[in-house]
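The values are calculated or read from the model by the stated rules, or taken from the named source; none is laboratory data. Note that the coordinates shown come from a computational prediction; the quantities given were computed from them, not determined experimentally. Please note: Cβ atoms are built from the backbone with ideal geometry, for glycine as well, and neighbour counts cover all protein chains shown. With ligands, DNA and RNA removed, areas are computed over all heavy atoms of the protein, side chains included. Shrake-Rupley method; radii C 1.70, N 1.55, O 1.52, S 1.80 Å.
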Amino acid sequence: MRVAEAWRVALDALRANRLRSALTMLGVIIGVASVVLLVAIGTGTKQKVEQQVEGLGSNLLLVVPGRIEVGNAPVVSPLTLKDVDAVTRVVGDPDRVAVTVASGATARAGARSDFTTVQGVLETTPAVFTRSLARGRYLTGTDVDTSRRVAVLGDSVAHALFPDRDPLGQQVALAGVRFRVIGVFAPLGQSLGVDRDDEVHVPVTAAQRLWGTQRVDGIAVKAPDRERIDELGERIVAELNRRHPDTEFSAVTQQQILGVLGDILGVLTGVLAAIAGISLLVGGVGVSNIMLVSVRERTREIGLRKAVGARPRDIGVQFLLEAVLLTTIGGLTGMALGVGTALLVDALSPIPAAITWWSLALAFGVSAVVGIVFGVVPAQRAGRLDPVVALRTE
Amino acid sequence: MTEPAVADRPAGERVPAIEAVDVSRTYQLDGVSVEALRGVSLTVQPGDYVALVGPSGSGKSTLMHLLGGLDRPTGGRLVIGGRDVNALAPPEMATLRNETIGFVFQAFHLLPRTSAVENVALPLVYRGVSARQRRERAAAMLGRVGLGHRLDHRPNQMSGGEQQRVAIARALVTEPTVLLADEPTGNLDSVTGAAVLELLEQLNAESGVALVMVTHDQEVAARAHRRITMRDGVVVADSAHPRSAHDRPPSVDHGRPATLVPAPSAEPRSASGSGPGHPSGGSGGAAGATGRLPREVERPEALPRDAVPGDAVAREGGAGAREVERPGGAA
Ligand SMILES: Nc1ncnc2c1ncn2[C@@H]1O[C@H](COP(=O)(O)OP(=O)(O)OP(=O)(O)O)[C@@H](O)[C@H]1O
Ligand SMILES: [Mg+2]
């Protein structure tokens, strides 16, 4: 039998049993659609996080105690503002150095309260990181030098505490101490499920006094250019090591952060794809199951075909093609469904989704392979049927 | 109408279409062996018209499956179209069936949801004939069986008689040398059955395809040019070899009956050599066959229960035939 003929026979058989073919395909459709959708969500999330990390500002160098590695516990920082001065001397430009000392605290305004992150910072923060204000002004050098109790609210905090009032000039109590609102940040949105607008910036000196500490959690440096960023990092780490011989320090660039985040998100995407892959596998088992039923049901047809001259191979190829057709048609439909759903999710929900060609190719390839793998056993069984026995079957 | 066919025959006289020598077939059923055939020897010549009769369970269908290359003997030698089936692999057997054999089954075995013309064209699919040629040849064949106006009907849109005609067209579209029909009228009422039978005879006469037909109907069997009677897995009578048939005692348990039936060595004397009149044997000959046709058509009035198609009737017919079988075989 010619190959083109075999395709036609297989297609006819599927058409003759439309409902069953459709139901069998459903398993593959769902499997492929979920592979495409979940990989799209994983990829979309990764892209968005990358955008955000890059959006922090360019040529950033983050200096923290301890090692930056996945799974490492944070280290209590031995850094103080004196160390920040030392780093500033290494960098040579105070405007390029930012610091943070952060802690969770309840912010209260009148009857309303919001648990948020209070960050003690220098006035350099908007220049080092890319942050812009929606209203008011940011902290000044004087605010920092005099430990003035003034605060800049993140968009979420502002909405939570002052839903119907202008927060500028109002009082907020942070951990029970009153601060005056001087500015509100422009919203940033979500990142990895974290609300980036849920924070309050106050002068680092005021924050240290609030918590009764000299500590600084981390230092951020905006390097003058990308080429010398690694070298600058090494010099800063060397200086800090000299000052604190017992502690290890790391200076990481955005590229390194992206690398680590990329690894995490890559694993996440992989896990999602694997889960979806399992459903595709289940769909494949369904195909196998239906093909076995189909072979049994069409035993007489097989017997008749053999009687009129079909070779075992002709019968086997026919059933194998049927299985492959089921999974590839199901695969194409699933791809369309997955792409459509991903586009909808991306447009209508906060979850980002991005279609990648490799996921489409993979899903389609896998569905075709699933058809072959799960079609082989039923096809062989059909090919080996004894025509006399087959014709006698009711 | 059989005369011209007989005149056509000499062409195929030399090479038998099928030759079985001491063929046996034993089934293994839950550890018990069932001897369905116990040494059958016979030769089918091109153009033959053979009726295969015998009580139910005597091995007629088993023998038909072997003759058609659907099954393999467990003993003996079977040569179909000049090829020894013992030396053939399954794909070669399939090709052999496709090229030399046409089957007509009691249950029609048409593909459902498939048009008549496509059903008929099916064997050509496995020959690699192009779709256009297939349709042409299948349509022509349907025309020959009187269904030129039913090309695109599905089996469920056709009567039993029409379905069997489609099956006959399918069996003949490949121009085989042998047409094997196992109770082709078994599922049909007697009027329709008679018409189908007449068609088979006509095709046998016109195209020279050998017709081997299992039947439980004595009158049908009487119309064949040759009658082979089976019992308990052996041939007990073959009208092509009346002497050996008469020599057979009714109960055949000692000795291999097949050895007494002259098969390949007796080629010149076999059916093809029996001559137009075919008067020998107990079958009544060709003249009787043509004369009996009208009576056959009248039978439904006489025996209305036969008019109900289906398995039950087929089995009942078998039981009835068994009773008539003994005098018929002994005659
Ligand atoms: N697949 C099988 N397995 C076991 N025994 C079988 C098988 N096929 C046939 N037989 C046995 O072989 C014997 C001959 O069967 P077969 O079908 O050839 O009879 P038959 O002459 O065609 O009968 P009928 O007139 O009822 O169709 C029977 O005893 C039957 O039970
Ligand atoms: Mg039978």
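Listed values, structure above:
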read-out: Single condition A:ASP198 does not satisfy, out of (1) surrounded by fewer than 15 Cβ atoms within 10 Å (Cβ to Cβ); (2) at pLDDT below 95; value: (1)
read-out: Tally of residues being without any contact (Cβ under 8 Å) to a residue 40 or more places away in the chain and touching a strand residue (DSSP E or B) at 6+ places or on another chain (Cβ under 6 Å) across the stretch B:97-123; value: 0
read-out: Selection count where residues are in contact with a His (Cβ under 9 Å, 6 or more places away or on another chain) and over 14 Å from B:LEU200 (Cβ atoms), scope the stretch B:159-183; value: 1
read-out: Single match in B:GLN202, B:GLN163 (criterion: surrounded by fewer than 20 Cβ atoms within 10 Å (Cβ to Cβ) and either more than 16 Å from ligand 2 (Cβ to nearest atom) or away from chain A (no Cβ under 14 Å) (or both)); value: B:GLN202
read-out: Members of the stretch B:206-223 that are within 14 Å of ligand 1 (Cβ to nearest atom) and modelled with pLDDT of 95 or more; value: B:VAL212, B:MET213, B:VAL214
read-out: Sole residue being buried (at least 19 other Cβ atoms within 10 Å of the Cβ), modelled with pLDDT under 90 and away from ligand 1 (no atom under 16 Å from the Cβ), chosen from A:GLY338, A:GLY334, A:GLY330, A:GLY371; value: A:GLY371
read-out: Tally, over the stretch B:107-131, of residues that are open to solvent by 20 Å² or more (accessible area, probe 1.4 Å) and assigned to a helix (DSSP H, G or I); value: 2
read-out: Helices (runs of 4 or more DSSP H) within the stretch A:220-307 that include 3 or more residues on the phi > 0 side of the Ramachandran plot; value: none
read-out: Check on B:GLY146, small (Gly, Ala, Ser) and either within 9 Å of chain A (Cβ to nearest Cβ) or within 16 Å of ligand 1 (Cβ to nearest atom) (or both); value: no
read-out: Filter pass, B:ARG134 being facing chain A (nearest Cβ under 8 Å), charged (D, E, K, R) and buried (at least 19 other Cβ atoms within 10 Å of the Cβ); value: no
read-out: Test: residue in the stretch B:49-67 that is more than 12 Å from the chain's Cα centre (by Cα) and more than 16 Å from ligand 2 (Cβ to nearest atom); value: no
read-out: Filter pass, B:LEU200 being assigned to a strand (DSSP E or B), of a type in the set (A, V, I, L, M, F, W, C) and in contact (Cβ under 8 Å) with a residue 60 or more places away in the chain; value: no
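Residues are listed down the side, and each one gets a yes or a no for (1) within 12 Å of another protein chain (Cβ to nearest Cβ); (2) in contact (Cβ under 8 Å) with a residue 24 or more places away in the chain; (3) of a type in the set (Gly, Ala, Ser):
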| site | (1), (2), (3) |
| --- | --- |
| A:GLY286 | no, yes, yes |
| A:ILE290 | no, yes, no |
| A:GLU297 | yes, no, no |
| A:ALA307 | yes, yes, yes |
| A:ARG313 | yes, yes, no |
| A:GLY316 | yes, yes, yes |
| A:PHE319 | no, yes, no |
| A:ALA323 | no, yes, yes |
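For every residue, the table says whether it meets (1) part of a helix (DSSP H, G or I); (2) of a type in the set (Val, Ile, Thr); (3) closer than 30 Å to B:LEU122 by Cα.
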{"position": "A:THR327", "(1), (2), (3)": "yes, yes, yes"}
{"position": "A:VAL339", "(1), (2), (3)": "yes, yes, no"}
{"position": "A:ALA342", "(1), (2), (3)": "yes, no, no"}
{"position": "A:ALA347", "(1), (2), (3)": "yes, no, no"}
{"position": "A:ILE351", "(1), (2), (3)": "no, yes, no"}
{"position": "A:ILE355", "(1), (2), (3)": "no, yes, no"}
{"position": "A:GLY371", "(1), (2), (3)": "yes, no, yes"}
{"position": "A:LEU391", "(1), (2), (3)": "yes, no, yes"}
